[in-house]
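Inspection log for the structure reproduced underneath, given as structure tokens.
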Amino acid sequence: MISIQNVSKRFGKFKAVDNINIEVEKGEIFGLLGLNGAGKTTTQRMVSTVFQPSEGNITVNGFNSKSDSSEVRRNIGFLPTEVGLYDRLTAREVIKYFGILNDIDENRINDKIDEVLEKLSLVEYANKRCGKLSRGNKQKVAIARAIIHEPPVFIFDEPTSGLDVISSRAVLDFVKQCKDDGRTILYSSHSMYETEEICDKIAVIHDGKILMTDSIEHIQKEHGSLEKAFIAAVKGERS
């Protein structure tokens, strides 16, 4: 569903991502786990076509990020770290605006908005201006904006960052529901706990390089916990 093959990304002389390879299967939650500045966000932005790789190829649902970038964008819902909502618009207006941008039929769009508001427990906030919403509800609106066109692939960049424990739990439960609905998810985080809870497979990324790729189940059997595996991988790279 997502194939990242020998991909590097340079910004001038700085190499943010260094020859990485990742395969994400349909219906899988694949986690990118790393410290801040490891290359997680750059990788996700390349998958979403915000950036183009300096080297290598990325395909999403069979479409190449370079030659078929518009098709890739139709097949993904991308939640960046920066929420970036329009404060003067209501939650419903923001979601509708992005639904129109994604060519949702005008006769169906209001029903689809109602569905996603219900799914994210946002019904009571639908007509409230985004500038007046809590951080957690702003994040939910950003998620709704990203998924309103029901793409097969979701990209979530540290979606619980800055949220309180209740809001974080709501987001994690929603991500798990997306998997149950058959979505493919590329998920980045620096939280061992949430990555271990929701991901099927992970790649440890550090200084732009993939240090380890494995299933959560196998990591737990081999190392006892994801945290122990992560520390061992990063310390091994630094030694």
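Read-outs throughout are calculated quantities, based only on the coordinates presented, and are distinct from any laboratory measurement. All of these numbers come straight from a predicted model, not from anything done at the bench. Ideal geometry is used to build each Cβ from the backbone, glycine not excepted, and the neighbour counts take in all protein chains shown.
Odds and ends about this structure:
- Taking residues in the stretch 189-202 that are farther than 15 Å from Ser215 by Cα, and partners anywhere that are among the hydroxyl-bearing types (Ser, Thr, Tyr), the pairs with Cβ atoms closer than 8 Å and at least 6 places apart or on different chains are Ser189/Thr160; Ser189/Thr195; Ser191/Thr160.
- Residues that are surrounded by fewer than 21 Cβ atoms within 10 Å (Cβ to Cβ) and among the basic types (Lys, Arg), drawn from the stretch 174-232: Lys176, Lys179, Lys201, Lys209, Lys221, Lys228
- Qualifying residue in the stretch 155-172 (condition: of a type outside the set (A, V, I, L, M, F, W, C), touching a residue at least 12 places away in the same chain (Cβ under 8 Å) and assigned to a helix (DSSP H, G or I)): yes
- Restricting the stretch 221-239 to residues that are farther than 18 Å from Asn19 by Cα and in contact (Cβ under 8 Å) with a residue 12 or more places away in the chain leaves a set whose member that is farthest from the chain's Cα centre (by Cα) is Gly236.
- For the stretch 22-42, the set of residues classified as closer than 16 Å to Gly208 by Cβ and out of contact with any strand residue (DSSP E or B) (no Cβ under 6 Å at 6 or more places or on another chain) consists of Leu35, Asn36, Gly37, listed by residue number.
- Residues of the stretch 62-87 satisfying the condition of being in contact with a strand residue (DSSP E or B) (Cβ under 6 Å, 6 or more places away or on another chain) and either surrounded by fewer than 21 Cβ atoms within 10 Å (Cβ to Cβ) or not hydroxyl-bearing (Ser, Thr, Tyr) (or both): Glu71, Val72, Asn75, Ile76, Gly77, Phe78, Leu79, Pro80, Thr81
- The strands (runs of 3 or more DSSP E) located wholly in the stretch 1-108 that include 3 or more residues which are under 29 Å from Lys235 (Cβ atoms) and either out of contact with any Lys or Arg (no Cβ under 7 Å at 6 or more places or on another chain) or in contact (Cβ under 8 Å) with a residue 24 or more places away in the chain (or both) occupy 2-11, 14-24, 29-33.
- Check on Lys128, within 18 Å of the chain's Cα centre (by Cα), more than 23 Å from Thr43 (Cβ to Cβ) and either surrounded by 21 or more Cβ atoms within 10 Å (Cβ to Cβ) or among the charged types (D, E, K, R) (or both): no
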